[in-house]
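Structure, as structure tokens:
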Amino acid sequence: MKKTLSLLLILVALMGFTSCGKEKLTPLVKPMTVDQLRNDQPINFSYKVDATQIDEYARNTGKFPVFGKLFQTIAFVLANTTISTKGGMELDLEAMDVDLNSLSEIDFTFIDWIRLDSLLLHIDNAKRKDSLGFIEKIEVYAILDRAQEGFPVNENGMVKLVSFDKKLNDLECEGRCLNLKIEKLNWKELIKNNPKIKLQPKIVINSVPKSTMALAGSVSFSIKFNLGF
């Protein structure tokens with residue numbers, strides 16, 4: 001009797017193991033990567049930059065994505081420019097250093113591309129008579145820490161990043177704001193291979209403005225990640 005009971009228990013156990021081996025778990029949804037969840041779209045960032053002091057601006061940079069440091073500074077170089085009534089055809093603007101060493105630990109293999117999408121300038125707290133019509137040209141150049149192929153340089157060894165030419169572009173917001181043209185550059189490689197970049201702004205005016213004014217701005221950029229999962 002005991003032998004029969006033992007054989008019966010063994011048979012039941014074997015049947016149980018066999019049935020478990022044949023069972024399959026069917027997921028309700030197929031696995032998807034992060035890119036698939038986002039429909040292969042980049043992540044967009046945008047923020048405003050007001051005319052302010054450099055130390056005040058520096059304290060706030062932690063609020064923004066680390067990749068935006070270069071773009072923040074481009075906007076700041078222009079937004080912190082005060083246009084006075086002293087005259088002069090070309091404004092003498094100082095260069096500004098951008099330290100990107102904090103990005104050295106980032107694995108850029110997980111990034112497909114980085115793109116500066118727009119850079120808009122406007123008069124900060126504009127008065128009725130204020131206008132940017134006196135601006136002939138705006139250009140921002142970069143002196144790269146490391147020269148690299150694919151980045152055309154001018155006779156001074158500088159790469160043009162953004163620009164505005166009154167002959168080619170119209171002012172917006174009733175003459176109180178303008179959109180800068182963004183050069184077609186490989187921003188990922190520029191940021192990746194240059195731990196330090198010097199920005200040199202250039203503003204040419206065609207007349208003396210009627211009042212002293214300061215510029216503010218907004219900047220937007222996007223990053224296409226490829227995390228592989």
Note to self: Past 21 Å, Cα to Cα: identify those pairs from 48/181; 129/166; 48/184, in the order given.
What the structure shows: 48/184
Checklist line | Efficiency of FRET between residue 186 and residue 44 - r from beta-carbon atoms, R0 22 angstrom, step 0.05 | finding: 0.70
Notebook entry, point to check: For segment 70-190, what is the charge dipole size about the Cα centre, in debye to the nearest 20, if Lys and Arg each add +1 at the Cβ and Asp and Glu each add -1 at the Cβ?
Noted result: 620
Check: Of the heavy-atom accessible surface of segment 146-229 (probe 1.4 angstrom), what whole percent is carbon and sulfur?
Finding: 49
Notebook entry, point to check: Given a 1.4 Å probe, how much area per residue of segment 167-229 is accessible, in Å²?
Noted result: 49
Next item on the list: Just subtract the alpha-carbon distance of residue 179 and residue 94 from 0.36 nm times their residue separation and send over the number in nm, one decimal.
Entry: 28.4 nm
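The values are calculated or read from the model by the stated rules, or taken from the named source; none is laboratory data. Just so you know, these numbers come straight off a predicted model, no measurement behind them. Here Cβ is always computed from backbone atoms with ideal geometry, including for glycine, and neighbour counts include all displayed protein chains. What goes into the accessible areas is simple: the full protein's heavy atoms, side chains included, and nothing from ligands, DNA or RNA. Shrake-Rupley method; radii C 1.70, N 1.55, O 1.52, S 1.80 Å.
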